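Okay, so here's the structure we're looking at.
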Amino acid sequence: MTLTAEEKREIAEEQKRYPDRRAACVEALKIAQRSRGWVSDETLRELADHLGMTADELDGVATFYNMIFRRPVGRHVIFLCDSVSCWVMGEEALRAQLKERLGIDFGQTTVDGEYTLLPVACLGTCDHAPALLLDRELHGDLTETRIDALIARRG
Amino acid sequence: MERPLTQALRADGVPLDIDEYERAGGYRALRKALRELQPAELTAMVKASNLRGRGGAGFPTGVKWQAVPMGPSARRPKYLVCNADEMEPGTFKDRLLLEGNPHLVLEGMMLAAYAIEAEVAYVFLRWAYKRAEETMRTAIAEAYARGYLGRHILASPWSLELHVHTSAGRYICGEETALLNALEGARAIPRAKPPYPQTSGLWGKPVVVQNVETLCNVPVIVERGVDAYKALSRTDEGGTKIYGASGHVKRPGAWELPMGATIRELLEEHAGGMRDGYRFRGVIPGGASTDFLAEEHLDVKMDYASVMKVGSRMGTGTMIILDDRTCPVGMVLNLELFFARESCGWCTPCREGLPWVARTLAAIEAGQGMESDLELLAQQSRLLGPGHTFCALAPGAVEPLQSAVKLFRDDFLRHIRERRCPFRGQAA
């Protein structure tokens, strides 16, 4: 899928905020990822051309950041906080529950393509630990019941 | 008790809009500065206030600003960056300000930008903070519409453009020079200093990077004056501090208090003490990269100098409590796995050393450790400490490690001698 005119317009809009057009490359990766779910080699090459970078330079950036996916992901991504406050408050049990219910490990996607499960660093909501992000929505004060409800609602 | 950073926050969690912020006295400090203060005078005020960076390092803010080249010969544009990449495990204070009082963050940025004569400012905001992104974008649009941003602010000769950059998530982005690489669209690896960012930082131009909470103190200093600002604190370090506590306490949360409140006050009065059935064993005072403190340190004042005196750091001021039913070895393993995963890989000791430490801890936790592992961990703590690595990530990582091996030595030895984790199988 090649970059649409609308995506190129959005990238151009981002580029106005920086004195160097390559500076918008992280934003450009996010824009391309939004409708595709991930960034394929083909999309990476096209974006690199568009930004005046080599594909390897852009891949160096893309693979550095946690939220740029260079492999396909599910329709929803669950980012489970596995940092210290959530760990103290019972994250290990929730992790086991999620893996068991979804039948996947961290870094994997359910066979129906619905969910990808990933760990994420501290979500800055430690007074409501344990917590997770479902796509970009924050859910805190998690219990096994709440996790089941979250998955059931979407599933 | 005065809480200048948080007293205007609405109980329903809705962010203050520009009208509410102005009614609460907002943007008076900016008007005052533009009318009465030269940039150098503003910097001198901030220096005299003893404001220290609230991101964790505690560097004196005014001193940082004084290093920026000023006047017509300075290279331009100059930049001001608000570091809103809050990602230090256990830290949840900047979110409160970004989501609840976005105009205070903006006014702080404007004043800092004015002080260093910056023309362009960025909020470097963590990708995961979706709500903060929404509140900040709305507030920025309001500020432009009312003439606080853009060309000739409040009819003065000074102009400032302000943008949001949400990046794509990585702990190291919070490191000042790595953040600059991220903003330039590169891998967020730290840079060598010198040159310091104040002289050659963003696209080779002068830049100052400050944490959200630090910036929020600046309007308070300008509006109240240096003496009144210093009087907010119980110690030599100016102002208030947003402290917090998480773990098995009755009321986890964040509270703005005079700088210098004690750990005991935070734990017992504000967090309500330990939950029933849990006893206090230790505390990491300010985010993952600070040394554990024990019960004997409960009366230590939470300011940069006092916590340093007992061998730890105040860091971000948000405490993580270790209780008697949580395994200290498991907790340190969790911390070291985090640091190993978030190492940017740029320098060898950090890239190779942290996974080694994590594997050693995992073996001990699983009952496969040896007593000689404790010496290995102590040795790695020295080799990954200050002076051996490119940036502060690994030195930060070994702070909780070295202190845990000393404070909880008996727990480590039990794991090794009993060949199991004594905390496993306990009722949670």
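The values are calculated or read from the model by the stated rules, or taken from the named source; none is laboratory data. Keep in mind that this is a model prediction, so the values were computed, not measured. Glycine also receives a Cβ, built like all others from the backbone with ideal geometry; neighbour counts cover every protein chain displayed.
Could you tell me how many of the residues in the stretch B:157-178 are more than 16 Å from residue B:343 (Cβ to Cβ) and of a type outside the set (Gly, Ala, Ser)?
Narrowing the stretch B:157-178 to residues more than 16 Å from residue B:343 (Cβ to Cβ): B:157-168, B:176.
Pick out the ones that are also of a type outside the set (Gly, Ala, Ser) and you get B:157-158, B:160-166, B:176.
Selection size over the stretch B:157-178: 10.
Answer with yes or no whether residue B:5 is among the aliphatic types (A, V, I, L, M) and in contact with a Phe, Trp or Tyr (Cβ under 9 Å, 6 or more places away or on another chain).
Details: among the aliphatic types (A, V, I, L, M): yes; in contact with a Phe, Trp or Tyr (Cβ under 9 Å, 6 or more places away or on another chain): no.
Against the criterion (among the aliphatic types (A, V, I, L, M) and in contact with a Phe, Trp or Tyr (Cβ under 9 Å, 6 or more places away or on another chain)), residue B:5 does not qualify.
For the stretch B:136-175, the set of residues classified as within 14 Å of chain A (Cβ to nearest Cβ) and polar (S, T, N, Q) consists of B:166, B:167, listed by residue number.
Kindly indicate whether residue B:180 is within 10 Å of chain A (Cβ to nearest Cβ) and either of a type in the set (A, V, I, L, M, F, W, C) or over 19 Å from the mean Cα position of the chain (by Cα) (or both). Criteria not met by residue B:180. When residue B:350 is tested against (1) in contact with a Leu (Cβ under 7 Å, 6 or more places away or on another chain); (2) surrounded by fewer than 21 Cβ atoms within 10 Å (Cβ to Cβ), only condition (2) is not met. The selection criterion, being within 23 Å of residue B:278 (Cβ to Cβ), part of a helix (DSSP H, G or I) and of a type outside the set (Asp, Glu), does not hold for residue B:423. Within the stretch B:95-128, the set of residues being within 14 Å of chain A (Cβ to nearest Cβ) and touching a Ser or Thr at 6+ places or on another chain (Cβ under 8 Å) comprises B:95, B:96, B:97, B:98, B:99, B:100, B:119, B:124, B:125, B:126, B:127.
If you check B:256, B:265, which single one turns out to be in a strand (DSSP E or B), closer than 24 Å to residue B:213 by Cα and away from chain A (no Cβ under 13 Å)?
Exactly one residue qualifies, and that residue is B:256.
Only one residue in B:25, B:58, B:13 is touching a residue at least 24 places away in the same chain (Cβ under 8 Å), at positive phi and not assigned by TED's automatic domain parsing to the domain that holds residue B:143, so which one is that?
Numbers: B:25 fails: not assigned by TED's automatic domain parsing to the domain that holds residue B:143; B:58 fails: not assigned by TED's automatic domain parsing to the domain that holds residue B:143.
Every option except B:13 fails the conditions.
Once the stretch B:276-306 is narrowed to residues that are assigned to a strand (DSSP E or B) and away from every other protein chain (no Cβ under 14 Å), the residue that is farthest from residue B:411 (Cα to Cα) is B:301. The residue pairs whose first member lies in the stretch B:336-347 and is farther than 12 Å from residue A:121 by Cβ, whose second member is assigned to a loop (DSSP other than H, G, I, E, B), and whose beta carbons are closer than 7 Å, counting only pairs six or more residues apart or on different chains, are B:344/B:188; B:344/B:189; B:346/B:189; B:346/B:190; B:346/B:390; B:347/B:389; B:347/B:390. Counting only helices (runs of 4 or more DSSP H) that fall entirely inside the stretch B:307-415 and contain at least 2 residues that are closer than 23 Å to residue B:87 by Cα and within 14 Å of chain A (Cβ to nearest Cβ), the qualifying elements are B:328-342, B:348-365, B:393-407. Every condition in (1) surrounded by 15 or more Cβ atoms within 10 Å (Cβ to Cβ); (2) within 8 Å of chain B (Cβ to nearest Cβ); (3) in contact with a helix residue (DSSP H, G or I) (Cβ under 7 Å, 6 or more places away or on another chain) holds for residue A:136 except the one numbered (1).
So, residue A:51, is that one among the hydrophobic types (A, V, I, L, M, F, W, C), more than 9 Å from every other protein chain (Cβ to nearest Cβ) and surrounded by 13 or more Cβ atoms within 10 Å (Cβ to Cβ) or not? Talk me through it step by step, then tell me what you get.
On the way: among the hydrophobic types (A, V, I, L, M, F, W, C): yes; more than 9 Å from every other protein chain (Cβ to nearest Cβ): no; surrounded by 13 or more Cβ atoms within 10 Å (Cβ to Cβ): yes.
So residue A:51 fails the test.
Hey, can you tell me all the residues within the stretch A:10-40 that are over 24 Å from residue A:135 (Cβ atoms) and either among the charged types (D, E, K, R) or in a helix (DSSP H, G or I) (or both)? It would help to see each step written out before you state the result.
As a first pass, look at the stretch A:10-40 and keep what is over 24 Å from residue A:135 (Cβ atoms): A:12, A:15-23.
Matches in the stretch A:10-40: A:12, A:15, A:16, A:17, A:20, A:21, A:22, A:23.
Taken together, the residues in the stretch A:1-23 that are surrounded by 14 or more Cβ atoms within 10 Å (Cβ to Cβ) and hydroxyl-bearing (Ser, Thr, Tyr) amount to 1. When the stretch B:58-94 is examined, which residues are found to be within 14 Å of chain A (Cβ to nearest Cβ) and more than 22 Å from residue B:138 (Cβ to Cβ)? Answer for the stretch B:58-94, where residues must be within 14 Å of chain A (Cβ to nearest Cβ) and more than 22 Å from residue B:138 (Cβ to Cβ): B:75, B:76, B:77, B:78, B:79, B:87, B:88, B:89, B:90, B:91.
Consider the stretch A:86-133 and keep the residues that are β-branched (Val, Ile, Thr) and farther than 26 Å from residue B:327 by Cβ. The one that is nearest to the other protein chains (Cβ to nearest Cβ) is A:116. Taking the stretch A:22-37 as the range and being closer than 22 Å to residue B:78 by Cβ and either free of Cβ contacts under 8 Å to residues at least 12 places away in the same chain or more than 9 Å from chain B (Cβ to nearest Cβ) (or both) as the test, only A:23 passes.
Touching a residue at least 24 places away in the same chain (Cβ under 8 Å), among the hydroxyl-bearing types (Ser, Thr, Tyr) and assigned to a loop (DSSP other than H, G, I, E, B): does that describe residue B:196? Step through it out loud before you land on a result.
Working: touching a residue at least 24 places away in the same chain (Cβ under 8 Å): yes; among the hydroxyl-bearing types (Ser, Thr, Tyr): yes; assigned to a loop (DSSP other than H, G, I, E, B): yes.
Yes, satisfied.
The single residue among B:139, B:186 that is in the same structural domain as residue B:75 (by TED's automatic domain parsing) and touching a His at 6+ places or on another chain (Cβ under 6 Å) turns out to be B:139. Among the residues of the stretch B:224-253, those identified as in a strand (DSSP E or B) and more than 14 Å from chain A (Cβ to nearest Cβ) are B:240, B:241. The single condition among (1) assigned to a helix (DSSP H, G or I); (2) away from chain A (no Cβ under 14 Å); (3) within 29 Å of residue B:340 (Cα to Cα) that residue B:191 does not meet is (1). The set of residues in the stretch A:77-103 that are in contact with a helix residue (DSSP H, G or I) (Cβ under 8 Å, 6 or more places away or on another chain) and surrounded by fewer than 16 Cβ atoms within 10 Å (Cβ to Cβ) contains only A:93.
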